[in-house]
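Below is one structure, written out as structure tokens; comments come after it.
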Amino acid sequence: PLDDSMKIAVIGAGPAGISCAYHLLFHGYKVDVFEKSDQAGGMAQIGIPTYRLPKDTLAMETDIIVELGGRFLFGQQLGRDFSIDELFRRGYKAVFLGLGCQEGTVLGIEGESVARDGYFSGIEFLLKVHDHVDGIEPLDMKGEVVVVGGGNVAMDCLRSAVRLGAENVHVVYRRTREDMPADEEEIVAADAEDINFHTLTNPIRLITENGKVVAVELVRMEQTEPDESGRRKVRPIPGSEFTLRCDTFIAAIGQQVEDGALVEEDGIDFDKWRCVAADKGLATSRPGVFAGGDCVTGPSTLIYACLLYTSPSPRDERRYL
């Protein structure tokens, strides 16, 4: 039987939250999982294309929580429907933060702030792909699509754009192909789908007409001599600027904790990467509050998120962005 005297609140029904709830339930604790959307799975559900992760397979994993006696509370968003303080007042003995990283990172280039039509962050685009597949809102891709980034999210965006009917799909990455942090099999698969790779290339200006993306100005990059650590950086080549026409521009360069400001207000410290600071035991700066998955390690893989404990690998990958 579950222990009513040890009720735990898990915030976020993504891979980290599901993994945490499973282990707590298995050890006899009572667990409520608070999720702002109307379904479990987090980015595994809405951010990973179906061709990579069948949704019926994911449903089998999330159904286990209910079978073990756990409870999902959908439509419950931190900061809007409850706070961490309120969860403790409700009698929860501990809180686990499995918030993930569902907010895209902007490039910070000229013209980006006025782009309203044809501009997406990588995460935003994958969410729209999810809604398209689920029949919620159609998404048609036409003409030229440019994706900036070299990680798995960028590869998902590229390959999804191909499946949605884009004429030509381009990936822009400021380092070399060998430096791309995406899984090698994802890069090879993207290459096999006739995607145009523009490595050692970086965007410097987004060109719009009445808010609609029409082109992007790029600059060629070159590698520097190795520094003390043996690593080569990159720098722009003066006079190498050129323009690439595009109808859709996707900035897939990184993700961040969406509810970061709200979490800080509840007394949780963040590290220099703007991730929740947690020790090897998953404890945060606030007693009784623990955290794991992407909100601690930064955006990583589904497997890392499920493992919960922190790992240097995802952060190491950020240097390549």
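The values are calculated or read from the model by the stated rules, or taken from the named source; none is laboratory data. Source: prediction; values computed, not measured. Cβ coordinates were reconstructed from backbone atoms using ideal geometry, including for glycine residues, and neighbour counts include every protein chain displayed. Heavy atoms of the whole protein, side chains included, go into the accessibility calculation; ligands, DNA and RNA do not. Shrake-Rupley method; radii C 1.70, N 1.55, O 1.52, S 1.80 Å.
Against the definition (acidic (Asp, Glu), buried (at least 18 other Cβ atoms within 10 Å of the Cβ) and closer than 30 Å to residue 182 by Cβ), how does residue 266 come out, yes or no? It would help to see each step written out before you state the result.
Details: acidic (Asp, Glu): yes; buried (at least 18 other Cβ atoms within 10 Å of the Cβ): yes; closer than 30 Å to residue 182 by Cβ: no.
Judged against the criteria, residue 266 is not a match.
State which residue is least open to solvent (accessible area, probe 1.4 Å) when the search covers only the stretch 187-212 and only residues that are assigned to a helix (DSSP H, G or I) and β-branched (Val, Ile, Thr).
Kept after step one, since they are assigned to a helix (DSSP H, G or I), are these residues of the stretch 187-212: 187-192.
Add one more test, that the residue is β-branched (Val, Ile, Thr), and what stays is 187-188.
Values: 187: 3, 188: 75 Å².
Result: 187.
Considering every residue within the stretch 85-96, establish whether at least one is of a type in the set (Val, Ile, Thr) and either at pLDDT below 80 or closer than 23 Å to residue 8 by Cα (or both).
Initially, the stretch 85-96 is screened for residues of a type in the set (Val, Ile, Thr), giving 95.
Subsequent filtering for residues that are either at pLDDT below 80 or closer than 23 Å to residue 8 by Cα (or both) retains 95.
Yes, the conditions are met somewhere in the stretch 85-96.
Every residue in the stretch 185-234 that is among the charged types (D, E, K, R) and over 27 Å from residue 143 (Cα atoms), please. Quick ask: steps written out before the conclusion?
From the stretch 185-234, those among the charged types (D, E, K, R) are 185-186, 191, 193-194, 205, 209, 212, 217, 220, 222, 225, 227-228, 231-233; that's our starting set.
Within the stretch 185-234, 222, 225, 227, 228, 231, 232, 233 meet the criteria.
Mind checking which residues of the stretch 143-184 are part of a helix (DSSP H, G or I), in contact (Cβ under 8 Å) with a residue 40 or more places away in the chain and surrounded by 24 or more Cβ atoms within 10 Å (Cβ to Cβ)?
Residues satisfying the conditions are 153, 154, 156, 157, 160, 161.
What's the number of the only condition in (1) closer than 17 Å to residue 20 by Cβ; (2) surrounded by 17 or more Cβ atoms within 10 Å (Cβ to Cβ) that residue 215 fails to meet?
(1)
Of the residues that sit in the stretch 268-301 and are among the hydroxyl-bearing types (Ser, Thr, Tyr) and either touching a Pro at 6+ places or on another chain (Cβ under 6 Å) or at pLDDT 85 or above (or both), which one is nearest to residue 156 (Cα to Cα)? Before the answer, list the steps.
Taking the stretch 268-301 as the starting set, the residues that turn out to be among the hydroxyl-bearing types (Ser, Thr, Tyr) are 284-285, 297, 300-301.
Applying the additional criterion that residues be either touching a Pro at 6+ places or on another chain (Cβ under 6 Å) or at pLDDT 85 or above (or both) yields 284-285, 297, 300.
Values: 284: 32, 285: 35, 297: 21, 300: 14 Å.
Taking the candidates together, the pick is 300.
Which number in (1) in a loop (DSSP other than H, G, I, E, B); (2) at pLDDT 90 or above; (3) touching a Pro at 6+ places or on another chain (Cβ under 8 Å) marks the one condition that residue 232 misses?
(2)
Quick one: in the stretch 102-122, of everything that is in contact with a Ser or Thr (Cβ under 9 Å, 6 or more places away or on another chain) and hydrophobic (A, V, I, L, M, F, W, C), which residue is modelled with the lowest pLDDT?
106
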